[in-house]
Amino acid sequence: MPLLLPATDSLPQREALSRPDSWLVACFCAAWCDTCQQYRARFEALARERPDLVFAWIDIEDHPELLGDEDVENFPTLLVQVGGQTRFYGTMLPHIAHLERLLDSLAEGGERHIDTTLPDLTRLLSRNGGPA
């Protein structure tokens, strides 16, 4: 499935996110960040390899409201929400294999819930691609 970009008309991703067991894998980035730009192609490729998950690319300067009170200090900063609950939020080295291992670990029963002040991005993005 292609990347979800906030404020875009992405019906397949919105429908996928509306399921109660949906997975959202979001990368918080910035257009000026060279590391983010290099990471994006691999992130997009992983999105195509795992069409059962929704992958979102969120520019923090274009959509700061999607961070709530959280700050992003390093890139890439990744978020994994399952059924609207945060299972991972943090900076990760820009090696796609690290994200693949994290997703596999969570799918195998990594049933941890992380408290953050992040909004429920699954819900926000399922409504017309999120805030405009």
**OP:** Looking only at segment 52-109, count how many residues are within 12 Å of the chain's Cα centre (by Cα), part of a helix (DSSP H, G or I) and modelled with pLDDT under 90.
**Re:** 2
Original post:
Can you name every residue in segment 9-32 that is over 15 Å from R50 (Cα atoms), modelled with pLDDT of 90 or more and either open to solvent by 10 Å² or more (accessible area, probe 1.4 Å) or not aliphatic (A, V, I, L, M) (or both)?
Top reply: C27, F28, C29, A31, W32
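Among the residues of segment 34-49, is any in a loop (DSSP other than H, G, I, E, B) and free of Cβ contacts under 8 Å to residues at least 40 places away in the same chain?
Going through segment 34-49, the residues in a loop (DSSP other than H, G, I, E, B) turn out to be none.
No, segment 34-49 contains no residue that is in a loop (DSSP other than H, G, I, E, B) and free of Cβ contacts under 8 Å to residues at least 40 places away in the same chain.
Among the residues of segment 16-58, write down those that are among the β-branched types (V, I, T) and under 15 Å from P2 (Cα atoms).
Within segment 16-58, V25, V54, I58 qualify.
The values are calculated or read from the model by the stated rules, or taken from the named source; none is laboratory data. All of these numbers come straight from a predicted model, not from anything done at the bench. Using ideal geometry, Cβ is built from the backbone for each residue, glycine included, and neighbour counts are taken over all protein chains shown. The area values use the complete protein model at the heavy-atom level, side chains included, leaving out ligands, DNA and RNA. Shrake-Rupley method; radii C 1.70, N 1.55, O 1.52, S 1.80 Å.
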